[in-house]
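S.K.: My questions will all concern the structure given below.
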Amino acid sequence: MGRPADDLARWIPRLLSHWRRGRRDAPRGPRPPPDRLTPPELREVAAGVERLSRGLTRDRALAGERYLDDPRLLGAYLLFYWPVSYLQARGVLSELPASPRSVLDLGSGPGPLALAALDAGAAEALCADRAARALAAARALAGEARLALETRPWDPARGAPLASLAAGRRLDAVTLGHVLNELSPGPGGEGDVERRAALLAEAAGLLAPGGSVVVIEPALRDTSRALLRVRDLLVARGFAVRAPCLFRGPCPALPRESDWCHAERPIEPPPLVAEIGKAAGLRKESVKMSYLVLAPPGEGWAEPPPGRLFRIVSEPLPSKGRLRYMGCGPEGRLGLALQEKHVGEPNRRFERLLRGDVVELTEVEPRGDGLRLGPGSSVRVIAAAGSPVPGVTAPPPGATR
Ligand SMILES: C[S@@+](CC[C@H](N)C(=O)[O-])C[C@H]1O[C@@H](n2cnc3c(N)ncnc32)[C@H](O)[C@@H]1O
């Protein structure tokens, strides 16, 4: 397993050559570069990315539609969104207790999550989707990389149980990338939440002990809040969350309409993705996503290490001589603040925290709606964003796997 960015760089020529092979109306000319688009190709792909971006993240007119059956939109997905989903998946898989060996990827499209799992150490992956053209792309990409990937048609609206996909196998992970919000693309009302929760519960029922259901959703306020409602319903029904939550009660981001929860990981996008993003007016210096990792039914919540722990769930919020973040931990979602005049050796790390880091704080005191750090408070990062939390998603120090 290499660095995700290096592994992704190897996919770029494969994605490009697959896309080029599928363009029946491609103009003839000199052989194009294997890892970059020619100017006319760039215009064509950027136009597709603009349509996808509008339809999936702004007016949402494409959510729930069969857009990947359109070769132009599938091409735009492969060259721009596929690499982003791949990096998101690698980012979440790196938080799991162990690399999954056997994976079912639901709503896989052209397979970025399944292929990310295979690159991260999985031995076999099954992609399931209703878009036959996208499944063919996943098979072709895996074939080029000599990876063990199978595909099956899947449409939950047709009612076939998920167990028929798993065919009796116990799975280490069931992944769902950017699909939950498309299955019932309503406003996330009670019916949608119930249907989505039922699907995740069914997926969790296919897991081997220690396995995980991995859900990645867009970092949009509405889709993120809908995922939080699904999380709450599953937690109320006894499911344990492996990540990102350290709080076991109802999600404290839900009561205020303006609150939601997402992760953000800085990336250096491959030149192809940066170029398409620039042409389509979309920036990609970081990948943002909402995500949820669930344990199988019957597995309890893992015990976090002792101490006052918080996952940082905001960007830095500087104001009038102090720095603040929102933190969410076993005691809930609280503001964490440190005044500039109190910065010293034990708490200096506070100035460089990233969304997603899990920190242990000492000597904090209640102040307003949160906690105040003082000159004697220490700040220790126990898990950097995207890495396992000791005792929760990683074995405690000294334990064997
Ligand atoms: C945004 S794409 C995500 C693809 C990939 N999982 C990723 O994360 O990049 C959403 C996928 O969900 C699939 N999808 C949407 N509604 C579906 C349904 N009712 N049944 C099966 N697949 C569906 C689409 O065909 C598409 O492949």
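The values are calculated or read from the model by the stated rules, or taken from the named source; none is laboratory data. From a predicted model like this one, the values you see are computed outputs, not experimental measurements. Methodologically, a virtual Cβ is constructed for each residue, glycine included, from the backbone with ideal geometry; neighbour enumeration extends over all protein chains shown. The accessibility values were calculated without ligands, DNA or RNA, using every heavy atom of the protein model including side chains. Shrake-Rupley method; radii C 1.70, N 1.55, O 1.52, S 1.80 Å.
S.K.: Condition (residue is without any contact (Cβ under 8 Å) to a residue 40 or more places away in the chain, closer than 22 Å to R221 by Cβ and of a type in the set (S, T, Y)) applied to the range 311-325: is it met by at least one residue?
M.R.: The answer is yes; a qualifying residue exists.
S.K.: Right, next: Would you check if there is a residue in the range 184-193 being under 22 Å from A76 (Cβ atoms), within 12 Å of the ligand (Cβ to nearest atom), crowded, with 20+ Cβ neighbours inside 10 Å and in contact (Cβ under 8 Å) with a residue 24 or more places away in the chain?
M.R.: Looking through the range 184-193, none of the residues is under 22 Å from A76 (Cβ atoms), within 12 Å of the ligand (Cβ to nearest atom), crowded, with 20+ Cβ neighbours inside 10 Å and in contact (Cβ under 8 Å) with a residue 24 or more places away in the chain.
S.K.: With respect to A134, is the statement that it is open to solvent by 40 Å² or more (accessible area, probe 1.4 Å), within 21 Å of L56 (Cβ to Cβ) and assigned to a helix (DSSP H, G or I) true? I'd like the intermediate steps shown before the answer.
M.R.: Values: open to solvent by 40 Å² or more (accessible area, probe 1.4 Å): no; within 21 Å of L56 (Cβ to Cβ): yes; assigned to a helix (DSSP H, G or I): yes.
When the stated conditions are applied, A134 does not pass them.
S.K.: Scan the range 80-108 for residues that are closer than 19 Å to S53 by Cα, near the ligand (Cβ under 10 Å from one of its atoms) and either part of a helix (DSSP H, G or I) or at pLDDT below 95 (or both) and report the count.
M.R.: Residues that pass the stated criteria total 7.
S.K.: Kindly indicate whether any position in the range 109-130 is open to solvent by 40 Å² or more (accessible area, probe 1.4 Å), within 14 Å of the ligand (Cβ to nearest atom) and either more than 26 Å from V293 (Cα to Cα) or within 22 Å of the chain's Cα centre (by Cα) (or both).
M.R.: yes
S.K.: Select from the range 31-48 the residues that are touching a helix residue (DSSP H, G or I) at 6+ places or on another chain (Cβ under 8 Å), open to solvent by less than 80 Å² (accessible area, probe 1.4 Å) and either on the phi > 0 side of the Ramachandran plot or assigned to a loop (DSSP other than H, G, I, E, B) (or both) and list them in ascending order.
M.R.: P32, D35, L37
S.K.: Would you point out the residue of the range 139-178, among those that are among the hydrophobic types (A, V, I, L, M, F, W, C) and in a strand (DSSP E or B), that is nearest to the ligand (Cβ to nearest atom)?
M.R.: Here the answer is L176.
S.K.: Just the residues that are within 11 Å of the ligand (Cβ to nearest atom) and in contact (Cβ under 8 Å) with a residue 12 or more places away in the chain, please, taken from the range 59-79.
M.R.: Matches in the range 59-79: A63, G64, R66, Y67, L68, D69, L73, L74, Y77, L78.
S.K.: Being under 26 Å from L78 (Cα atoms) and in contact with a Gly (Cβ under 7 Å, 6 or more places away or on another chain): is that true of L135 here?
M.R.: Working: under 26 Å from L78 (Cα atoms): yes; in contact with a Gly (Cβ under 7 Å, 6 or more places away or on another chain): no.
In short, no.
Residue-by-condition table, conditions (1) crowded, with 22+ Cβ neighbours inside 10 Å; (2) farther than 20 Å from H18 by Cβ:
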| residue | (1), (2) |
| --- | --- |
| T57 | no, yes |
| G64 | no, yes |
| Y67 | yes, no |
| E95 | yes, yes |
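S.K.: With the requirement that a residue be farther than 22 Å from R21 by Cα and either within 21 Å of the chain's Cα centre (by Cα) or among the aromatic types (F, W, Y) (or both), what does the range 131-160 give you?
M.R.: Once the filter is applied, which keeps residues that are farther than 22 Å from R21 by Cα and either within 21 Å of the chain's Cα centre (by Cα) or among the aromatic types (F, W, Y) (or both), the range 131-160 yields only W154.
S.K.: Which residue, of R28, R51, R72, is open to solvent by 60 Å² or more (accessible area, probe 1.4 Å), among the basic types (K, R) and at pLDDT 95 or above?
M.R.: Just a single option satisfies the conditions, and that option is R51.
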